[in-house]
Amino acid sequence: MNLSQLAYCGLLWLITQPPVLSQTFTAETISGYLNSVKHISLEDNKTLWGKEIYGPIIIVDPITRVFFTNLQDGGNSLMDAGHGVFTGVLPDSIGVANTSFVWNEVRWTMLIWNSLSRKETKRNRLIIHELFHSLQNELGFPMKSTLNGHLETKEGRILFLLELSALRSALTASGSERGEIVRDAIFIRKQRNNLFNGSGINEDALEMNEGLAEFTGVYLSGINNKENVYLLNQLDSATVNYPTFTRSFAYLTGPAYGILFHQQDSLWTHSLSGQDNFEQIAERIFQIPLAKLPERELGRIEDHYNGKSIRIAEEGHQRKKEKQLQEIDFKFKKSKVLVIPYTKDATGGFDPTEIIVLSSEETYYKGLELIDAFGKLVVDNGAIRDQSRNEVHVNLPSGANLSRNSITSNDWNLTLNSGWTITKKSKGIYEVTHR
């Protein structure tokens, strides 16, 4: 992943998940995982997207960086591990994340070993999601990553949760009633996008990237049954599983709309282009009029889709968010800060479930990994990225030994390459610089 775009990486499971026992990380185990996904791809027979979903996969242990793969590299440098897989050690220059990346002129899908569930359908959903990212450029859906800060405003979140409530109802409905409910969901979306200028373009970009990937994983893995139990559970627990929707909302709307589209028209993916968006697709498949509903309809829709309870819950969320913003301000504005500049060649990943847009220049990340010429930074409890300056800021604890090449705090770990050091830039501000 190129960090200047902050795109394409899934959850940083190295940060957010407990380690799996390393003795289960064997060629035999990985071969079984890969064969399960390969079987799904063969059964699909290029039906969903017109191309085979299965491709080069690397599954890596984030601690040792040892990996297993289903493909020998171009230089035949990998060891045959038996069971139809090969093994090697991932270079330190490559960030570990659930992502799509190019290495040795091959487009790979990387999965972190301890992010993979022991439950087959759950595991396959994640692997297929990431396989889609490796395929999407060929399908005409460029990898675009956007931050949707309006989904952390009070009204933005309320309108988004209203849309999810409508989608939940649509998934349990049938016939013409389903189409009417989808129309309500699209009306809510239009209201939100009209309220926040430019938000529609940003939402569309992420849905045609992460949304389509998650739909593909959910549909092909078989994790969702005909009664849509999996999706209903996901929508019901949205605010628990996703503390913020800034970069994660499409993991919910993508499979919800996608399954609704597929149940209405199983060939809907065949006519998609990179210029499409979910609103247009819904209008086409469900024959929803392009003209928006009267404003008075919003009151009816709020009443019908639990608007009152959503608003009450969001009052509590906003109070919690205000407290969190105060803590962030104190941590980064009123304490010592370490500044880590990065270049356009930086790689890494982030946790998309907890991102807060602080301003047009600054974004808060709960979990972040950054690899560049300076070395490696792993954050598990808060960093601010200043995209206007290409810098990442972390809180610098008192008493930290800045002369060492490896510095660890309660929130992050920094390892500096040879020739790099930390210097004082101004009062309370320190910076990673090259000697």
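Brief remarks follow.
- Filter result (over 14 Å from Arg311 (Cα atoms) and without any contact (Cβ under 8 Å) to a residue 40 or more places away in the chain) within segment 151-174: Ala173, Ser174
- Evaluating Ile181 against the criteria (1) assigned to a loop (DSSP other than H, G, I, E, B); (2) free of Cβ contacts under 8 Å to residues at least 40 places away in the same chain leaves one unmet condition, (1).
Residue-by-condition table, conditions (1) open to solvent by less than 20 Å² (accessible area, probe 1.4 Å); (2) under 27 Å from the mean Cα position of the chain (by Cα); (3) modelled with pLDDT of 95 or more; (4) more than 24 Å from Gly211 (Cβ to Cβ):
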{"site": "Gly274", "(1), (2), (3), (4)": "no, yes, no, no"}
{"site": "Ala282", "(1), (2), (3), (4)": "yes, yes, yes, no"}
{"site": "Pro289", "(1), (2), (3), (4)": "no, no, no, no"}
{"site": "Lys292", "(1), (2), (3), (4)": "no, no, no, no"}
{"site": "Glu297", "(1), (2), (3), (4)": "no, no, no, yes"}
{"site": "Phe330", "(1), (2), (3), (4)": "no, no, no, yes"}
{"site": "Ser335", "(1), (2), (3), (4)": "no, no, no, yes"}
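- Across segment 342-361, the number of residues qualifying as within 21 Å of Asn202 (Cβ to Cβ), outside any strand (DSSP E or B) and either open to solvent by 40 Å² or more (accessible area, probe 1.4 Å) or hydroxyl-bearing (Ser, Thr, Tyr) (or both) comes to 6.
- Residue match in segment 130-137 (condition: modelled with pLDDT of 95 or more, aliphatic (A, V, I, L, M) and open to solvent by 10 Å² or more (accessible area, probe 1.4 Å)): yes
- Looking across segment 157-178, just one residue is modelled with pLDDT of 95 or more and not in a helix (DSSP H, G or I), and that is Ala173.
- Residues satisfying the stated conditions in segment 3-49, i.e. open to solvent by less than 50 Å² (accessible area, probe 1.4 Å), at pLDDT 95 or above and touching a His at 6+ places or on another chain (Cβ under 7 Å): Ala27, Ser31
- Only one of the listed residues (Arg189, Arg178) is open to solvent by less than 50 Å² (accessible area, probe 1.4 Å), under 14 Å from Phe245 (Cβ atoms) and out of contact with any Lys or Arg (no Cβ under 9 Å at 6 or more places or on another chain). That residue is Arg189.
- Among the helices (runs of 4 or more DSSP H) confined to segment 218-318, the ones with at least 3 residues that are more than 19 Å from Ile186 (Cα to Cα) are located at 229-236, 238-241.
The values are calculated or read from the model by the stated rules, or taken from the named source; none is laboratory data. In this text the structure is predicted, and so the values were computed from the model without any measurement. Neighbour counts run over all protein chains shown; Cβ positions are idealised from the backbone, glycine included. These accessible areas exclude ligands, DNA and RNA; they are computed on the full protein's heavy atoms, side chains included. Shrake-Rupley method; radii C 1.70, N 1.55, O 1.52, S 1.80 Å.
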